[in-house]
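Peer 1: Attaching a single structure in structure tokens format; questions to follow.
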């Protein structure tokens, strides 16, 4: 519309301004403005904007997937850390000199002396003793179960974390020696560790 | 001439746009494959506590003494059962019977606390294999190393423990 004007003499629409050839089209210069016959430039601008929108959509999509994967990975890592922590505490308990089976100074692996365990349980009932063992066992509950031949349970250490939301349990089979009868019973060390995320 | 040039230019642009779309799709597929690769890698890692638990079960089981049989170890009961089955416990049971009874008691008590399925596999002479505890594992399983109880004649007894996935 802006590019044409109606001739007063002939009544025919003529291009306004100076007409110059640019490639295959006649470009009408009106003032400083280039005026095309079609809306091609507008379409091309829309295309560019659409491409940018799609590109940013893909980036947002990829970021969401990556965030979800990272979140799952962090949860798995936390679970693995708690598991390793529980296992470390269980191994420390099974190898502690206060509980181990020993004969003439030689320590037997994977074995707990039931007489030592009973005494240890009495000691850790006191707050001072629990504090001194906190470095070894942290926030955990350690129970020695005897499964065969008789069922028996001894609470070795109990230091629960109040309002703990992550609790992990580990069960380790262990021999329970009775040095008075010279017998080895089948037992299990149950360790619960507590953590807050 | 002008029409042919116009058509070839449009065709060229269309091809470029399709190539661009194809590149984007390839990039998205590569990103997905990359993510899947890392996720699968994590799930294939072994569970150290389970493998340790399995090994400790077998060593504890074999060294457990049986009060009903003069405090003989289960290992020795299995050995006698696999060889001659000549041992008779004060309770009147043979080594095989005593070993079977003790194995069932231990495994049932263990399962009640653990709340997971497991297999105790005893390989050797026929009468020993019947003592194995086998349960079908739905997923993956973690196995102990094979514990070998040597017997006379060279044919050892192999004891293995498998714990099923949580």
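The values are calculated or read from the model by the stated rules, or taken from the named source; none is laboratory data. Since the structure is predicted, the reported quantities are computational estimates derived from the model, not experimental observations. Quick reminder, even Gly has a Cβ in these numbers, built from the backbone with ideal geometry, and neighbours come from all protein chains shown.
Peer 1: Which of the residues belonging to the range B:1-37 are surrounded by 12 or more Cβ atoms within 10 Å (Cβ to Cβ) and at pLDDT below 75?
Peer 2: The answer is B:35, and nothing else.
Peer 1: Next question, about the same structure. Would you please name the residue that is nearest to the other protein chains (Cβ to nearest Cβ), looking only at residues in the range A:169-183 that are surrounded by fewer than 21 Cβ atoms within 10 Å (Cβ to Cβ) and in contact with a helix residue (DSSP H, G or I) (Cβ under 9 Å, 6 or more places away or on another chain)?
Peer 2: Ranking the qualifying residues of the range A:169-183, first place goes to A:183.
Peer 1: Ok, one more. Condition test on residue A:121, is it crowded, with 17+ Cβ neighbours inside 10 Å, away from every other protein chain (no Cβ under 11 Å) and within 25 Å of residue A:168 (Cβ to Cβ)?
Peer 2: yes
Here's the yes/no breakdown for (1) surrounded by fewer than 16 Cβ atoms within 10 Å (Cβ to Cβ); (2) within 9 Å of chain B (Cβ to nearest Cβ); (3) in a helix (DSSP H, G or I):
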{"site": "A:79", "(1), (2), (3)": "yes, no, yes"}
{"site": "A:93", "(1), (2), (3)": "no, no, yes"}
{"site": "A:101", "(1), (2), (3)": "no, no, no"}
{"site": "A:109", "(1), (2), (3)": "yes, yes, no"}
{"site": "A:112", "(1), (2), (3)": "no, no, no"}
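Peer 1: Please state which one of A:87, A:136 is in a helix (DSSP H, G or I), within 14 Å of residue A:174 (Cα to Cα) and in contact with a helix residue (DSSP H, G or I) (Cβ under 9 Å, 6 or more places away or on another chain).
Peer 2: Details: A:136 fails: within 14 Å of residue A:174 (Cα to Cα).
Matching residue, one of A:87, A:136: A:87.
Peer 1: Can I ask one more? Could you look through the range A:144-159, keep only residues that are in contact with a strand residue (DSSP E or B) (Cβ under 6 Å, 6 or more places away or on another chain) and either more than 10 Å from chain B (Cβ to nearest Cβ) or not in a strand (DSSP E or B) (or both), and pick out the one that is surrounded by the fewest Cβ atoms within 10 Å (Cβ to Cβ)?
Peer 2: Taking the candidates together, the pick is A:153.
Peer 1: Search the range A:184-197 for residues being at pLDDT 85 or above and more than 10 Å from every other protein chain (Cβ to nearest Cβ), and hand back the single one that is farthest from residue A:75 (Cα to Cα).
Peer 2: A:191
Peer 1: Hey, another quick one. Can you report the number of residues in the range B:109-160 which are in a helix (DSSP H, G or I) and either within 14 Å of chain A (Cβ to nearest Cβ) or in contact (Cβ under 8 Å) with a residue 40 or more places away in the chain (or both)?
Peer 2: Count: 8.
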